[in-house]
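Undergrad: A single structure is presented below for examination.
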Amino acid sequence: MATLAIAARWTRPTAARKRTVVNVRPMRLADLRAVGKLAGALVRQHHRTDPGRFMRIPHVEVGYATYFATQLKSRKAVLRVAEERGRVVGYGYGALGARDWNMLLDAHGAVHDIVVAPGRRRLGVGRALMDEMVRALKDKGAERIVLSAMIGNRPAQRLFRAVGFRPTMLEMTINP
C-alpha cells in the first residue's frame, strides 16, 4: 500500500494569476473533525434541496466523522483530503463495490462524496480530488467507476463530465 502514502500535488493558476497549491493525501483520524464539518454541509445542502429524498440528521458532523473512522480501516475504501497550507479544504470518499444485480452493475468503484469548502471552489480543488479518487480506485482494481450527482448540482456535474464521467442512470423518488 505504498501508493496510499504518496501525496498528490496539484497547482492551478487562478484568474488573479495567483497559484493555488493543493495537496491531496490519504485522510487521517486527525482530519475527521474538519471532514465532518464539510460532510455536514453536504447533507444539509441536499436536504434543503429535496427534504423528501435526503436525510436530515442532528449532529450529522459527528455521525460522518464516526463513520469515516470505521472506513479508514477498510481495504475497500478510498478516503482523501485536499489541504492548502495544512488546512483541510475538501475531501473525497469512495469504495470498491461488488456485483450488484439490482443496479445491473458489475464489480466497480464508486465515488460517494466529493466536497470542497465554499471559498475554495472553482480553483481546481475538486478536480484534484476527483483525479486522485479515480486513480486510487483504479489502483485498487476498479475497472469502472460510478457516482451519483444531485440533479440540480450543475457545477458538480460539469466537474464529473470534465473528468470523463457520462450520465447513465436517473434516480427518481416518490413520497407516497
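The values are calculated or read from the model by the stated rules, or taken from the named source; none is laboratory data. It should be emphasised that the depicted structure is a prediction, and the values quoted were computed from it without experimental measurement. Note that we place each Cβ from the backbone using ideal geometry, even for glycine, and neighbour counts take in every protein chain shown.
Undergrad: Hey, could you check segment 78-111 for residues that are in a loop (DSSP other than H, G, I, E, B) and of a type in the set (G, A, S) and say which is nearest to M27 (Cα to Cα)? Walk me through it before giving the result.
TA: Step one: list which residues in segment 78-111 are in a loop (DSSP other than H, G, I, E, B), which gives 85-86, 98-99, 101-104, 106-107.
Next, from what is left, pick out any that are of a type in the set (G, A, S): 86, 98, 107.
On the way: G86: 13, A98: 23, A107: 24 Å.
Checked segment 78-111; the qualifying residue nearest to M27 (Cα to Cα) is G86.
Undergrad: Here is a check on your reading of the model: is R75 part of a strand (DSSP E or B) and basic (K, R)?
TA: It is false that R75 is part of a strand (DSSP E or B) and basic (K, R).
Undergrad: Related question: So the check is Cβ under 6 Å with 6+ separation or different chains; which pairs have a first residue in segment 15-31 that's at positive phi and at pLDDT below 95 and a second one that's part of a loop (DSSP other than H, G, I, E, B) and of a type outside the set (F, W, Y)?
TA: Close Cβ pairs (under 6 Å, with a partner that is part of a loop (DSSP other than H, G, I, E, B) and of a type outside the set (F, W, Y)) do not exist here.
Undergrad: Still on this structure, please answer the following. Just the residues that are out of contact with any Gly (no Cβ under 9 Å at 6 or more places or on another chain), among the hydrophobic types (A, V, I, L, M, F, W, C) and touching a residue at least 12 places away in the same chain (Cβ under 8 Å), please, taken from segment 109-149.
TA: Scanning segment 109-149 gives a single hit, L123.
Undergrad: Name the pairs whose Cβ atoms lie under 7 Å apart, with the first residue in segment 41-53 and touching a residue at least 40 places away in the same chain (Cβ under 8 Å) and part of a helix (DSSP H, G or I), the second of a type in the set (D, E, K, R) and exposed (fewer than 13 other Cβ atoms within 10 Å of the Cβ), and 6 or more positions between them or separate chains?
TA: Taking only residues 6 or more apart or on different chains, not a single pair turns up.
Undergrad: How many residues does segment 83-111 hold that are surrounded by fewer than 16 Cβ atoms within 10 Å (Cβ to Cβ) and farther than 13 Å from K37 by Cβ? I'd like the intermediate steps shown before the answer.
TA: Let us first name the residues in segment 83-111 that are surrounded by fewer than 16 Cβ atoms within 10 Å (Cβ to Cβ), namely 85-87, 98-104, 106-107.
If we keep only those that are farther than 13 Å from K37 by Cβ too, we end up with 85-86, 98-104, 106-107.
Here the count works out to 11.
Undergrad: May I ask you to list the residues in segment 67-84 that are farther than 21 Å from R135 by Cβ and either in contact with a helix residue (DSSP H, G or I) (Cβ under 8 Å, 6 or more places away or on another chain) or touching a residue at least 24 places away in the same chain (Cβ under 8 Å) (or both)?
TA: Result: A69, single match.
Undergrad: I'm trying to understand the selection: among the residues of segment 134-154, which are closer than 26 Å to M172 by Cβ and assigned to a helix (DSSP H, G or I)? Step through it out loud before you land on a result.
TA: Of segment 134-154, the ones closer than 26 Å to M172 by Cβ are 144-154.
Listed by number, the list holds a single entry, R154.
Undergrad: Looking at segment 140-176, which of the residues that are charged (D, E, K, R) and within 26 Å of L123 (Cα to Cα) is surrounded by the fewest Cβ atoms within 10 Å (Cβ to Cβ)?
TA: R166
Undergrad: Right, something else. Of everything in segment 32-60, what is at pLDDT 95 or above and among the charged types (D, E, K, R)? Give them in sequence order.
TA: If the condition is that a residue be at pLDDT 95 or above and among the charged types (D, E, K, R), then R33, K37 are the ones that fit.
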